[in-house]
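Bear in mind these aren't lab numbers, they're just calculated from the coordinates by the rules spelled out. Since this is a predicted model, take the numbers as computed values, not measurements. Virtual Cβ from ideal backbone geometry, glycine too; neighbours counted across all protein chains shown.
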Amino acid sequence: MRTRALRTGALPRPRKRLAFLAAATVASGLLAGLAQTPASAAVACDVAYTTNDWGSGSGGFTASIIIKNLGDALSNWTLKFRFPSNQQVTQGWSANWSQSGADVTATSMSWNGSIPTGGTTNIGFNGSWNGSNPKPTSFSINGVTCGGGPTTSPSSSPSASPSTSPSTSPSASPSASPSTSPSASPSPSTSPSGGPDNAYVQNFLKMYNKIHDPANGYFSPQGVPYHSVETLMVEAPDQGHETTSEAFSYYLWLEAMYGKVTGDWSKFNTAWTTMEKYIIPSHADQPTNDKYDASKPATYAGEWNNINQYPSQLDNSVSVGSDPIAGELKSAYGTSDIYGMHWLLDVDNTYGFGRCGDGTTKPAYINTYQRGPEESVFETIPQPSCDTFKFGGPNGFLDLFTGDQSYAKQWKYTNAPDADARAVQAAYWALTWATEQGKQSQVSTAVANAAKMGDYLRYSMYDKYFKQPGCTSTSCPAGTGKNASNYLLSWYYAWGGAYDTSAGWAWRIGSSHNHSGYQNPLAAWALSNVNALKPKGSTAVSDWTTSLTRQVQFYRWLQSAEGAIAGGATNSWEGHYAAPPSTLPKFFGMAYDWEPVYHDPPSNQWFGFQAWSMERVAEYYYATGNANAKTILDKWVSWALANTTVNSDGSYQFPSTLKWTGQPDSSFSGTGMPAANTGLHVSIVDYTDDIGVAGSYAKLLMFYAAKANNTQAKTTAKALLDGIWQYHQDSKGVSVPETKTDYQRLDDPIYVPSGWTGKMPNGDTINSNSTFISIRSWYKNDPDWPKVQAYLDGTASAPVFHYHRFWAQVDVATALGQYGVLFPNG
């Protein structure tokens, strides 16, 4: 989520503590029977029917059905039952579903018709109900009733052992041929399918249904995922009903997991098309890219540590390198437009900018951060991504950020590379799992577009102004060809141009700042090794091959003596190519920076960046068995497990805030792997039970455990998931109480140059007396505002919220599903 446009960035997640348990409603039944078919083949069957319901008086539900064959082997089957009330099947999976009145029929698919004696198959459907949702009382297989009356169904608690009978779930077969397999085949013991009879997969589906329940408010009417259910939310987005490219990438991951366990890939495709429609700018949103001159990508403007040094003056005297990939991208895709996500949307058009100043269209592209590493969210001035001077001052908002002789109406967007890389990561898993099911053609369009996104994502590999590595002044050499590429995922890339289509200019920039938390070796590996994900750009596969090696080297170079990964490196010290301290070691010419990009608070003090980034390393290791990735993980996991506590009652805690001392032992710019560091250290300031980070951390541990056969990592992953399920469930998903002392900064002044005056769309005045809240006066109408106001007035303690961030819910949900997939026997 984070990114500071033209230099975008973000704040780490707030710390979270404690929680409570709210059990989901489960209806269940188990019916068994024995009979003779006319052909005298014995049919004996168990049918377990379990639902997860939502709504009051009427609503929806998801039903999971486990068919177990206790008789002779079946080559095909027909399941029939009758609804006792006003229920309707709205969508089914893993069978051919039909309904006539109250009678429901499900027939086997080509891949799950054969059920051996003692074998099971798992099917399911989404349904609607009105009045009540009682379970069917009788089931039949091939015309034979599986009777005997309802009994207790298998437990859905995380600790219950799932069925160990042979599975015929869709992900079990057919296997992909070597020529089409998207990854190396893991051993059977570490990659079983994990069907809906698995307790953790069942809990994934429960979380999935809560996230998609309209009553819970995770999505806008347009189907756009909000950053959070709650609207009063100030962290990286400054309002909960904004959203980020991060949220969209998590949306894709959620639907990929859903496709894995249900065989239904329509939801994944819907997520991709929704992302493409709303957060990837259309041609109309970026109309003058054809005027871009790749030999002169942008005009230099320095970044500065102090906000009062803005607006930053444009300086044509500073040399800028050439853009070596623009031509090949246009040749590959037949357009000058960029296929990448902008980082921030005002989903409900709360600010009122609309699109290109129309004031009404929603979602609307906006931006906030743009004034150096000390600019916190509480000091930002929101602005429209398409500035037509309708709002703000005489030059819109442009002259708050850059100084020029004159200003033109323009559009500008900023990409958060970690989000686009996560979208590629989700597409890789969708391809992998759909291929296992013989359904890869169903996701082929989205996968091809993920490859395309990865092609443009290479802009994040370049220095901001395409200068060569090793800059220590603005006069450092401009790049030519690929020598301005650092081959890492930097903090952003950005692009913009004239609003007037007759005007002759557009620009593109990369970023000079590289953060360990943004790297994604799984995406780099997929883009360079998986045929369906290889981009069309003529040098893209080569670039991503180099990037994969460089990212792994970067992790090793930044790995502390204890095991945690330090901040990063920059090619532009202080953002204006200043000379870094001579004592700092360098990585391929870039100076070590323990807090790259933003300083309020320090960018690498949040353990979440460790979990997010190392989870991708673990996925890469799981998919490939790479020895260098294992070396890094062995040390990191050992450190993390040593500092993770799981109590006898199931509660847990792990690191939250980190402190860094020292630096890498030496510079590195070679082949092979950097040596281990002895002088770079991490210490832990405090601990947390943060649910979103716990989900990511659990996935990291389970991928590592599955490949390395590490029992402690597996046990800890399970314990984290069980602790979340035991303590932190609520009606909307999972959450913990968060005490928001940082909201005292809502009254913070924001820097506006003396004499500058403008207006927000709702009429709020912007001037040198403005504060965060004064230019967002609509916040005072939020239902949660009174308790914040009481805190600001000093009449109440800091407010406590139970937040439901989209990314956190999905991290937990996918962790549950992934555990069930990797370890179906618990």
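Can you work out the FRET efficiency for the pair residue 754 and residue 542, with r the C-beta to C-beta distance and R0 = 56 Å, to the nearest 0.05?
Computed FRET efficiency for residue 754 and residue 542: 0.60.
Output the pairs from 452/707; 409/464; 267/482; 412/439 with a Cα-Cα distance over 27 Å in this structure; if there are none, say none.
452/707; 267/482; 412/439
To the nearest 20 debye, what is the magnitude of the charge dipole of segment 750-817 about its Cα centre, counting +1 on the Cβ of each Lys and Arg and -1 on the Cβ of each Asp and Glu?
120 debye
Quick one: compute the contact order of the chain, relative version, from alpha carbon pairs under 8 angstrom and 6+ residues apart, as a percent.
The value is 16 percent.
Considering Cα pairs under 8 angstrom that are at least six residues apart, work out the relative contact order of segment 741-798 and quote it in whole percent.
Relative contact order for segment 741-798 comes out at 30 percent.
Taking amide hydrogens as modeled 1.01 Å from N in the peptide plane, which residues meet the under 5 Å criterion relative to residue 688, leaving out close sequence neighbours?
Residues meeting the amide H criterion: 654, 656.
Please give the length that would be gained between residue 473 and residue 649 if that part of the chain were fully extended, namely 0.36 nm times their separation in residues minus their C-alpha to C-alpha distance (nm, one decimal).
Residue separation times 0.36 nm, minus the Cα-Cα distance, leaves 57.6 nm.
What would the Debye formula give as log10 I(q)/I(0) at q = 0.13, 0.25, 0.26 Å⁻¹ for the alpha-carbon point model of segment 643-716, no solvent?
-0.60, -1.08, -1.09
Over 54 Å apart: what share of the alpha carbon pairs of the chain falls there, rounded to a whole percent?
It works out to 12 percent of all Cα pairs.
Calculate, in nm to one decimal, what residue 273 and residue 800 gain on full extension: separation in residues at 0.36 nm each, minus their alpha carbon distance.
This chain segment gains 186.1 nm when fully extended.
Hey, any idea what the orientation-averaged projected area of the convex hull of segment 202-304's Cα atoms comes to, in nm²?
Mean projected area for segment 202-304: 10.2 nm², to one decimal.
Taking R0 as 30 Å, what's the FRET efficiency between residue 578 and residue 685 from their Cβ-Cβ distance, rounded to 0.05?
0.55
Taking N as the number of residues in segment 741-798, what is its alpha-carbon radius of gyration divided by 2.2 N^0.38 Å?
1.23
For residue 309 and residue 678, calculate 0.36 nm times their separation in residues minus their Cα-Cα distance, and state this gained length in nm to one decimal.
Stretched fully, the residue 309-residue 678 segment lengthens by 129.0 nm.
Over segment 430-500, what is the relative contact order in whole percent, taking alpha-carbon pairs under 8 Å and six or more residues apart?
So the answer I get is 26 percent.
Kindly write out, for segment 650-667 in residue order, the coupling ³J(HN,Hα) from the Karplus curve 6.51 cos²θ - 1.76 cosθ + 1.60 (θ = phi - 60°), rounded to whole Hz, with x marking Gly and Pro.
For segment 650-667, the Karplus-derived couplings read x, 6, 8, 7, 8, x, 10, 9, 10, 10, 10, 9, x, 6, x, 5, 7, 6 Hz, x marking Gly and Pro.
Where the Cα atoms of segment 75-128 are projected onto their three principal axes, how long is each span, largest first, in whole Å?
35, 17, 16
Go ahead and run the numbers for FRET between residue 107 and residue 642, Cβ-Cβ distance against an R0 of 41 Å, rounding to 0.05.
For residue 107 and residue 642, the calculated efficiency is 0.15.
When the dipole is taken about the Cα centre of segment 191-317, and only Lys, Arg (+1) and Asp, Glu (-1) are charged at their Cβ, what size is it in debye, to the nearest 20?
My answer is approximately 360 debye.
Can you tell me the dipole magnitude for the chain around its Cα centre, using point charges on the Cβ only (Lys, Arg +1; Asp, Glu -1), in Debye to the nearest 20?
So the magnitude is around 1360 debye.
Cβ neighbours within 10 Å, averaged per peptide: list 313-320, 505-512, 75-82, 123-130 in order, most packed at the top.
Answer by packing, highest mean first, reads 505-512, 123-130, 75-82, 313-320.
Taking the convex hull of the Cα atoms, report for segment 218-271 its projected area averaged over all directions, in nm².
If I average the Cα hull's projected area over directions, I get 3.8 nm².
Ordered by residue, what ³J(HN,Hα) values in Hz, to whole numbers, does segment 759-773 give under the Karplus form 6.51 cos²θ - 1.76 cosθ + 1.60, where θ = phi - 60° and Gly and Pro are x?
Listing the rounded values in order: 9, 7, x, 8, x, 4, 7, 10, 7, 5, 9, 6, 10, 3, 7 Hz.
For segment 412-488, what percent of Cα pairs sit more than 15 Å apart?
For segment 412-488, the share of Cα pairs beyond 15 Å comes to 64 percent.
Could you give the angle, 0 to 90 degrees to the nearest 10, between helix 540-558's Cα long axis and the longest principal axis of the Cα atoms of the chain?
Helix 540-558 sits at roughly 80 degrees to that axis.
Starting from the 7 Å offset along Cα-to-Cβ, what nm value, one decimal, do you get for the label separation of residue 448 and residue 222?
The answer from the label model is 2.6 nm.
Using modelled backbone amide H atoms (1.01 Å from N, in-plane), which distant-in-sequence or interchain residues come within less than 5 Å of residue 403's amide H?
Here 312, 313, 314 satisfy the definition.
Treat segment 349-426 as a sphere of radius equal to its Kirkwood radius over Cα pairs and apply Stokes-Einstein at 25 °C in a medium of 0.890 mPa s; give the translational diffusion coefficient in µm²/s, rounded to a whole number.
The Stokes-Einstein estimate is 177 µm²/s.
Please list, short to long, the whole-number percent of alpha-carbon pairs of segment 777-826 in consecutive 10 angstrom bins beginning at zero.
All Cα pairs considered, the percentages come to 21, 27, 20, 16, 14, 2.
Name the residues whose placed amide hydrogens come within less than 5 Å of the amide hydrogen of residue 566, ignoring near sequence neighbours (fewer than 5 apart) on the same chain.
Residues meeting the criterion, in which the H sits 1.01 Å from N, are 559, 560.
Residue 316 versus residue 600, label points 7 Å from Cα toward the beta carbon: distance in nm?
3.4 nm
Quickly estimate the mean residue ellipticity at 222 nm for the chain, helices only: each DSSP H run with n ≥ 4 gives -39500 (n - 2.57), and the total goes over all residues, rounded to 500.
Computed mean residue ellipticity for the chain: -8500 deg cm²/dmol.
Can you quote the Å³ per residue value for the convex hull of the Cα atoms in segment 391-531, rounded to an integer?
Residue-normalised Cα hull volume stands at 173 Å³.
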